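Everything on this sheet refers to the single structure shown next.
The values are calculated or read from the model by the stated rules, or taken from the named source; none is laboratory data. Just so it is clear, the structure is predicted and the values come from calculations on it, not from any experiment. Glycine also receives a Cβ, built like all others from the backbone with ideal geometry; neighbour counts cover every protein chain displayed. Calculation scope for accessible area: heavy atoms of the full protein, side chains included, ligands and nucleic acids excluded. Shrake-Rupley method; radii C 1.70, N 1.55, O 1.52, S 1.80 Å.
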Amino acid sequence: MPGPLPDGEPVPSDGALPASALRTVGARGFGVYVHVPFCSSRCGYCDFNTYAPGDLPGWRTEGYADTVLAELELAARTLGAAPAVDTVFVGGGTPTLLPADDLARIIEGIDKIWGLAPDAEVTTEANPESVTPESLRALRAAGYTRISLGMQSAAPGVLRVLDRRHSPGRAAQAASEARAAGFDHVNLDLIYGTPGETADDFAASLAIAIGAGVDHVSAYALIVEDGTRLAARIRRGELPHPSDDVAADRYLAADAALTAAGFDWYEVSNWATTPAGRCRHNLLYWTGGDWWGVGPGAHSHVGGVRWWNVKHPAAYAQRLADGRSPGAGREVLTAQDRHVEDVMLRLRLASGLPLDVLDAAGRADAERARTDGLLEVVDGAAVLTLRGRLLADAVVRDLLP
């Protein structure tokens, strides 16, 4: 059977899915992702599908919640009787550029269509400068249970290189305000390896994040994406390219500091103080669950079918206004595709990859990785060691056919 075309196969105008996909909806959990593509300014390292004032004629956030609700109605017609929603994640962009009332309406719409599970996790991302104590209280009252704040760094020079607009202390202050508003689960995102960042800069950022009293920290190595302002500056020689050796040192520093402060890693780039603090929505992705992605450029996965929406907000809104699916293309995953993704994603988890997922050759490769100190076997699962986490991509490649 030939693989999908480069842009995938067409999505039916009504968004219909194969019966085989619908039979297993929610077998590994069911979530909703909502993409909000608006930012007050564009960070120099970002290549997400986001738009700042001046990027789009008539750029406006008004009415966006209504467009999201229109896609949710389409999703309801497509899926029919889907299970209750376990997790919702509103990302971007900067979701909190929408009024809190609009973010509340989106959650109400999801609950009306499918129903939120009694213990549903409901997350929104936010930039530190885009929230206030009042807006945070409104979000918590609307049913949001978790907030993820883009801190990135506490070093002024690093924030300038990344084109971040908040002051060095604002992220920790916003985290404190979120806790005061009633959020039990608060995440701070960090980026390490930015050109010009020193070891002391990163150590100070870690200390501030830990001191903010959050229960979750994500730390990612800076990736220079083609087409971004940061890539252009590096290409012109204005900034050095990030060093892999420095990134490894920063990762080790993050793990040491976070572990000492009572955080446990549960995915290569994510640490939490308790199991309840782990991001269940991301775990849904990593363990092969189903989710409907709403918004321009959003990706979805249901029962082995993956599809993605058109990227341009105007084209997205027009398709929905015309009663058509905003899907730009889709692919039906083969058994081999799903196996590859299972290995790639589950090996990144502290719970590990069950060895019985691998064939005989894969298990032999896992044994060699164990001998090399990259894996350990815990309760029948291959789990990355600390050194293995530094080389996770290489370990995954070795375990795949």
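Since Trp59 meets every condition but one in (1) farther than 19 Å from Trp291 by Cα; (2) under 24 Å from the mean Cα position of the chain (by Cα); (3) of a type in the set (A, V, I, L, M, F, W, C), which condition does it not meet?
Exception for Trp59: condition (2).
Of all the helices (runs of 4 or more DSSP H) wholly in the range 48-157, which have at least 1 residues that are under 23 Å from Trp308 (Cα atoms)? Can you show your working first?
Values: elements: 64-79, 100-113, 133-141.
Answer list for the range 48-157: 64-79, 100-113.
If Gly54 passes every condition in (1) open to solvent by less than 20 Å² (accessible area, probe 1.4 Å); (2) among the small types (Gly, Ala, Ser); (3) farther than 30 Å from Ala16 by Cβ but one, which one does it miss?
Only one criterion in (1) open to solvent by less than 20 Å² (accessible area, probe 1.4 Å); (2) among the small types (Gly, Ala, Ser); (3) farther than 30 Å from Ala16 by Cβ is unmet by Gly54, namely (1).
So which residues in the range 217-230 are open to solvent by less than 60 Å² (accessible area, probe 1.4 Å), over 20 Å from Asn127 (Cβ atoms) and in contact (Cβ under 8 Å) with a residue 40 or more places away in the chain, if there are any at all?
Val224
Report, by residue number, each residue of the range 348-401 that is small (Gly, Ala, Ser) and under 20 Å from Arg250 (Cα atoms).
Residues of the range 348-401 small (Gly, Ala, Ser): 350-352, 360-362, 364, 366, 369, 373, 380-382, 388, 392, 394.
Within the range 348-401, Ala350, Gly388, Ala392, Ala394 meet the criteria.
Condition first: open to solvent by 40 Å² or more (accessible area, probe 1.4 Å) and touching a Lys or Arg at 6+ places or on another chain (Cβ under 7 Å). Now tell me which residues in the range 172-216 satisfy that.
In the first step, residues of the range 172-216 are kept if they are open to solvent by 40 Å² or more (accessible area, probe 1.4 Å); the result is 173, 176, 179-180, 184-185, 196, 198-201, 203-204, 207-208, 210-211, 213.
Within the range 172-216, His185, Gly213 meet the criteria.
If I ask for residues that are among the polar types (S, T, N, Q) and open to solvent by 40 Å² or more (accessible area, probe 1.4 Å), which ones from the range 39-51 would you list? I'd like the intermediate steps shown before the answer.
Initial filter on the range 39-51 (among the polar types (S, T, N, Q)): 40-41, 49-50.
Residue satisfying the conditions is Ser40 alone.
Condition check ((1) assigned to a loop (DSSP other than H, G, I, E, B); (2) in contact with a His (Cβ under 6 Å, 6 or more places away or on another chain); (3) at negative phi) across all residues:
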{"residue": "Glu197", "(1), (2), (3)": "yes, no, yes"}
{"residue": "Phe202", "(1), (2), (3)": "no, no, yes"}
{"residue": "Ser205", "(1), (2), (3)": "no, no, yes"}
{"residue": "Ile210", "(1), (2), (3)": "no, no, yes"}
{"residue": "Gly213", "(1), (2), (3)": "yes, no, no"}
{"residue": "Ser218", "(1), (2), (3)": "no, no, yes"}
{"residue": "Arg233", "(1), (2), (3)": "no, no, yes"}
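If we keep just the residues of the range 347-384 that are without any contact (Cβ under 8 Å) to a residue 12 or more places away in the chain and not in a loop (DSSP other than H, G, I, E, B), which is nearest to Arg278 (Cα to Cα)?
Ranking the candidates gives Glu376 first.
Pairs needed: first member in the range 36-56, of a type in the set (Lys, Arg); second member anywhere, assigned to a loop (DSSP other than H, G, I, E, B); C-beta distance under 6 Å; at least 6 residues apart or different chains.
Partner pairs satisfying both residue conditions: Arg42/Ala52.
Of the residues in the range 350-388, how many are open to solvent by 70 Å² or more (accessible area, probe 1.4 Å) and hydroxyl-bearing (Ser, Thr, Tyr)?
Selection size over the range 350-388: 2.
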